[in-house]
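Step one of this worksheet: look at the structure below.
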Amino acid sequence: MTKRAYNFNAGPAALPLAVLERAQAQFVDFKETGMSIMEMSHRGKVYEEVHHEASSRLLGLLGNPKGYKVLFLQGGATTQFAMIPMNLLSEGKTAGYVKTGSWANKAIKEAKLLGSTFIAASSEEDKYMSIPDVSKLSLPENTAYLHLTSNETIEGTQFRQFPDTGGVPLIADMSSDILCRPFDLNQFGLVYAGAQKNLGPSGVTVVIAREELLQNSPAHLPTYFRYDTHAENDSLYNTPPSFGIYMVNEVLKWIEEQGALAGIEAKNQTKADLLYGTIDQSGGFYRGCANPKDRSIMNVTFRLGSEELEKQFIKQSEAEGFVGLKGHRSVGGLRASIYNAVPYESVKALTDFMADFQKQHG
Ligand code: PMP
């Protein structure tokens, strides 16, 4: 049997073994075509079937809400930071941003280059260790949209509830928690995510949006950057990242097999409870970074008593087969990313390692 690492990478990240094995079995000869899916035309029937299946499967997992469309794009979530204001922030309007940490700030930076913005809520004063209260936001009448980051991958915080924005479209960067739990797509005008955490390999970006937001791109925008280009052409205007989209479809099948989003959420909660439990019951040896009520069930950030000890933790964990536990270079500390595809066994092995490490160094 293949030896798999205990993979806690933040992204690209662990994929379900069952998906990798299925892809391996189909790699050289996809559906008796004598070709890999990577080798065939994106205009052919065989690929197109996979392409459309991926998009309908995704909407299916979200309960098939009326009036939404899926786009498969390239350029990562980072390109969406710019495409959103390019397409949706017109002259005379302003865009609201919830400032929750590193990724929200990157989205804000791009929007500022393109138009008028305001900070609708912020947890900066709290060093981004919490999610601000968004239950009573006051949005100016000319607000084009409100943007939030549902899960801050670096700080390890996550929204539990989303604001009611009335008629203002709510937009969410769900890169690091999409499909980790059920959510009501009807609350959102547009959500987007790079695939490389919960959906598949890097190279595909998923946008799911209300159709009316995909229809009115300003005339001056170059073709690829227009949402209407991709909406009108079912994400086949130019060559799509076909292998990545095939992998997304396989990951979505796997999610269905896990009991869909409710099943996935239960598994994610069990893993997060085990890991946060180990941190909280360590008598202060391990300290969780995020405010407990805003903790992410995807990215668990924690610290040890000294940077020296953290270095030791990383070194020793690597020697025992754990990968990706170093915190982001901008904040330091430790981070375990426990996305959908990270098996319970990996988290159990990590908590056993943490207990042993505490015995040795506590
Ligand atoms: N937003 C969030 C929340 C992320 O975690 C990331 C990637 N770590 C990005 C945006 C940027 O994504 P990409 O690298 O796909 O552009």
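Where a number appears in this text, it was derived from the coordinates with a stated rule and is not lab data. Predicted model, so just to flag it, every value in this text is computed and none were measured. Virtual Cβ from ideal backbone geometry, glycine too; neighbours counted across all protein chains shown.
Of all DSSP-defined beta bridges confined to the chain, some 50% are antiparallel rather than parallel. Counting only whole DSSP H helices of the chain, there are none at least 27 Å long by C-alpha along their axis and with mean Kyte-Doolittle hydropathy no lower than 1.6.
Note on the chain: Cα-Cα pairs beyond 36 Å make up 23% of the total pair count. Pairs of Lys residues in region 261-361, spaced 8 or more positions apart or belonging to different chains, with C-alpha separations under 13 angstrom: 4 in total.
The GNM of the chain, with springs linking C-alpha atoms under 10 angstrom apart, assigns the highest mean-square fluctuation among 32, 211, 310 to 32.
For region 261-361, the Stokes-Einstein estimate of translational diffusion at 10 °C and a viscosity of 1.306 mPa s comes to 116 µm²/s, using the Kirkwood hydrodynamic radius over alpha-carbon pairs.
Summing Lys and Arg as +1 and Asp and Glu as -1 over all other residues whose Cβ lies under 15 Å from the Cβ of residue 229 gives a net charge of -2.
Only helical runs count toward this figure. For the chain, summing -39,500 (n - 2.57) over DSSP H runs of n ≥ 4 and dividing by all residues gives -11500 deg cm²/dmol at 222 nm.
Springs between Cα atoms under 10 Å define the GNM used for the chain, and in it the highest mean-square fluctuation of 267, 109, 197 occurs at 109. Paramagnetic label reach from residue 48 (point 7 Å along Cα→Cβ; backbone nitrogen cut-off under 16 Å): within region 227-245, residues 232-240.
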